[in-house]
Amino acid sequence: MTSAGMKPPSGGRSFAGVPVVTDLALLEAEVAILGIPYGTTYDTENPVNESAGSPTAIRARSAPSHLYHYDFDIGAPVFSGTPADPRIVDCGDVPGSPLPAEGKANRAMATAAVRAILKAGAVPIVLGGDDSVPIPFFAAFEGRGPFTVVQVDAHLDWRDELHGSRFGYSSPMRRASEMDWITGMVQVGLRGTGSARASDVADAQAWGSRLVTAREVRQRGIAAALEHLPEGGEFLVTIDCDGIDPADFPGVSALAPGGLAYHDVLDLIGGIAAKGRIAGLDIVEFGCDYDPPSGLGATVCSRLVLTAIGAMIRSGQLRGT
């Protein structure tokens, strides 16, 4: 894949109306929005991916005015409308395929695109795609860091393999632990059951991952997670939408009772930015096919991206005002 190989945003609508730059060799920005619809699909599943249309759905719920209107979650408009505002662009979508046999090619194209964004000096914000997408996303940061991964998820994601694949959506945190540039991990919102076995939990804890359950956040607040983050750290943030309470986010394939409230996730993002630098962020496992007609899930994803950008401005990471 060449750096010019991105697909323009479907429907011709960029995130929040920002400029579109699909030739990554020409990228000049502080923040780059990138859609990665496809990761590695299990060969035991229908190749139709309920998350593949999510980048388009999220863009459709991100109105241009949201950058300039007063935002009560941030305490100010994201943008002031002055030349001091950071430059944000939408790089379109990484081409790919839902077929299981194309997983390796999907990963290679995704990693190459994120690397090009990093080379240009921009912070990548990725719209997934299922929870296998963080694997090629994290891989792009090789040679940088060290990083602490902060994951929002109902599930542990420490399976070494499942259905014969080591790169599916049950394995992103296991694969992250094997990357030399990732030296810390905080997993927030864990609850219920998933593919994790007791041995996987033991492996995560032995590696040093900090496991913060949804119940603990409910009892102690988001400080239960933030206390594990190093001051002045570099952070890779990955948000699996099923980590959010279904009352706030019903559009997922793996519904589980409870979870983080919408404002818990906002406070987590703000707390991460206050602790250090957000080097990259992805939002995955938004099953847009399950989103209610109101578009609630797509709206929440759009809000999380805007909140992250606002938090980076307030912390001084981005130029801002």
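The values are calculated or read from the model by the stated rules, or taken from the named source; none is laboratory data. If you're wondering where the values come from, they're calculated on a predicted model, not measured in any experiment. Here the Cβ is made from the backbone with ideal geometry for all residues, glycine too, and neighbour counts use every protein chain on show.
Within the range 89-115, restricting attention to residues that are charged (D, E, K, R) and surrounded by fewer than 24 Cβ atoms within 10 Å (Cβ to Cβ), which residue is farthest from E28 (Cα to Cα)?
Restricting to residues being charged (D, E, K, R) and surrounded by fewer than 24 Cβ atoms within 10 Å (Cβ to Cβ), the top hit is E102.
Scan the range 285-321 for residues that are free of Cβ contacts under 8 Å to residues at least 12 places away in the same chain and in a helix (DSSP H, G or I) and jot them down.
none
Pull up the range 69-102, narrow it to residues that are hydroxyl-bearing (S, T, Y) and at pLDDT below 90, then point me to the one that is nearest to G280 (Cα to Cα).
That would be S80.
Identify, please: which residue in the range 139-166 is acidic (D, E) and out of contact with any helix residue (DSSP H, G or I) (no Cβ under 7 Å at 6 or more places or on another chain) and is, among those, modelled with the highest pLDDT?
Ranking the qualifying residues of the range 139-166, first place goes to E142.
For T40, all conditions in the list (1) out of contact with any strand residue (DSSP E or B) (no Cβ under 8 Å at 6 or more places or on another chain); (2) farther than 19 Å from V21 by Cβ hold save one; what is the number of the exception?
For T40, the exception is condition (1).
Please determine whether any residue of the range 148-169 is of a type in the set (S, T, Y) and closer than 18 Å to P100 by Cα.
Taking every residue of the range 148-169 in turn, at least one turns out to be of a type in the set (S, T, Y) and closer than 18 Å to P100 by Cα.
Sort through S51, S80 and tell me the only one that's touching a residue at least 24 places away in the same chain (Cβ under 8 Å), among the small types (G, A, S), outside any strand (DSSP E or B) and touching a Ser or Thr at 6+ places or on another chain (Cβ under 6 Å).
S80
Could you please give the count of residues in the range 130-150 that are of a type outside the set (D, E, K, R), closer than 13 Å to R174 by Cα and assigned to a loop (DSSP other than H, G, I, E, B)?
Count: 1.
Quick check: anything in the range 187-202 within 24 Å of F249 (Cβ to Cβ), surrounded by 15 or more Cβ atoms within 10 Å (Cβ to Cβ) and among the basic types (K, R)?
Scanning the range 187-202 turns up at least one residue that is within 24 Å of F249 (Cβ to Cβ), surrounded by 15 or more Cβ atoms within 10 Å (Cβ to Cβ) and among the basic types (K, R).
Among the aliphatic types (A, V, I, L, M) and over 17 Å from the mean Cα position of the chain (by Cα) - does that describe any residue in the range 274-281?
Yes - at least one qualifying residue is present in the range 274-281.
Among residues belonging to the range 240-265 that are surrounded by fewer than 21 Cβ atoms within 10 Å (Cβ to Cβ) and either among the small types (G, A, S) or within 30 Å of R144 (Cβ to Cβ) (or both), point out the one that is modelled with the highest pLDDT.
A261
Restrict the check to the range 300-315 and report whether at least one residue is in contact with a helix residue (DSSP H, G or I) (Cβ under 7 Å, 6 or more places away or on another chain), farther than 21 Å from P77 by Cβ and not charged (D, E, K, R).
Scanning the range 300-315, I find no residue that is in contact with a helix residue (DSSP H, G or I) (Cβ under 7 Å, 6 or more places away or on another chain), farther than 21 Å from P77 by Cβ and not charged (D, E, K, R), so the answer is no.
Just checking, which of A140, A204, A214 is closer than 21 Å to A32 by Cβ and small (G, A, S)?
Answer to the selection: A140.
Against the conditions (1) among the hydrophobic types (A, V, I, L, M, F, W, C); (2) in contact with a helix residue (DSSP H, G or I) (Cβ under 8 Å, 6 or more places away or on another chain); (3) part of a helix (DSSP H, G or I), where does A112 fall short? Just the number, please.
Looking at each condition in turn, A112 falls short on (2).
Read through the list (1) without any contact (Cβ under 8 Å) to a residue 60 or more places away in the chain; (2) under 21 Å from W158 (Cβ atoms), then give the number of the only condition that G258 fails.
Condition (1) is where G258 drops out.
Among the residues that make up the range 158-166, is at least one of them among the hydrophobic types (A, V, I, L, M, F, W, C), touching a residue at least 40 places away in the same chain (Cβ under 8 Å) and in contact with a Leu (Cβ under 7 Å, 6 or more places away or on another chain)?
Taking every residue of the range 158-166 in turn, none turns out to be among the hydrophobic types (A, V, I, L, M, F, W, C), touching a residue at least 40 places away in the same chain (Cβ under 8 Å) and in contact with a Leu (Cβ under 7 Å, 6 or more places away or on another chain).
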